[in-house]
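Below is one structure, written out as structure tokens; comments come after it.
The values are calculated or read from the model by the stated rules, or taken from the named source; none is laboratory data. This is a predicted model, so every value here is computed, not measured. Cβ placement follows ideal geometry from the backbone for every residue including glycine, while neighbour counts extend to all protein chains displayed. Just the protein is used for accessible areas: all its heavy atoms, side chains included, with ligands, DNA and RNA removed. Shrake-Rupley method; radii C 1.70, N 1.55, O 1.52, S 1.80 Å.
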Amino acid sequence: MYARLLATLCLLFVILCAARADSGVPASGTLEVYLKGQEASTPDVLAAMSRELNSLMQTAGYRVVWRSAADPPAGAGAEELVIVELRGLCMAQFSTTAAKPLPWTVPLASSSVVDGKVLPFSWVDCTALNRFLAPVASAKPKAEQDDLFGRSMARLLAHEFYHVLTQMDDHAPAGIAKARFSTADLLADHLDFETVALDRLHPPSAAPGADDPAEAGR
């Protein structure tokens, strides 16, 4: 188990570095993501999640640094930090969940809120996500399903990070920060933050001049 976990984390760092090199958007803030529950996923799913989330957050001005929940805190302290819990089996299981449609009231992801403050503790319910995607994703080629699942996880997490980083409960009219996602949103080739969300998300140093929808979460 330890060897598998170590190999998975190494793969995450490789994907992270590659995404950094490919992006033309400068990142001026650092976001440390401490991941829990990755042992119940697969390297392919985690690689797809890392690649997509890294790209999305870089457009918002943040460089993502991946860490295991067991890692000690960074010595210098992170500019921003989020702890992410992956709940359930976080891998594509569309063929076994297609017959169990998900009620639209069940959240796919969320973050803790205390006294109106959004805390940096977010989670993704992979069992619910499988049921939500299965009616459409079960028809996709098997070779693509892990990538689709990981990419969907990343979009849900980017939505949660929007709330954590902006400390806002309201949503953008479209894109990653909108209130609800459809299956088509999560499976689309591209889904990005739109202008309203990006204006709220960019760190101060980066800011100019200084189908049945499911709950995305907050």
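No solvent, one uniform scatterer per C-alpha: report log10 I(q)/I(0) for segment 89-138 via the Debye equation at q = 0.13, 0.24, 0.28 1/Å, two decimals.
-0.37, -0.82, -0.98
Could you order 178, 142, 100 so the one with the most accessible surface comes first? Probe is 1.4 Å. Don't skip to the answer; put the middle values down first.
On the way: 178 45, 142 145, 100 110 Å².
Largest to smallest exposure gives the sequence 142, 100, 178.
Near residue 100, which lysines are there with a Cα under 25 Å away, not counting those fewer than 8 places off in the same chain?
Within the straight-line cut-off, residue 100 pairs with 140, 142.
In nm, to one decimal, how far is the modelled label at residue 180 from the one at residue 114, with both set 7 Å along Cα→Cβ?
With each label placed 7 Å out from Cα toward Cβ, I get 3.2 nm.
What length, rounded to one decimal in nm, is gained on full extension from residue 143 through to residue 71, with 0.36 nm per residue of separation minus their alpha-carbon distance?
Working: separation 72, 0.36 × 72 = 25.92 nm, distance 3.23 nm.
Gain on extension, residue 143 to residue 71, equals 22.7 nm.
If R0 is 22 Å, what FRET efficiency do you get for residue 105 and residue 166 from their C-beta distance, rounded to 0.05?
Values: r = 25 Å, r/R0 = 1.13.
Efficiency for this residue pair is about 0.35.
Could you pull the Rg and Dmax for segment 92-210, using just the Cα atoms, both in Å?
15.5, 52
Which percent of the Cα-Cα distances in segment 61-149 go past 15 Å? Before the final figure, lay out each step's value.
On the way: 2664 of 3916 pairs.
Here the long-distance tail beyond 15 Å is 68 percent of all Cα pairs in segment 61-149.
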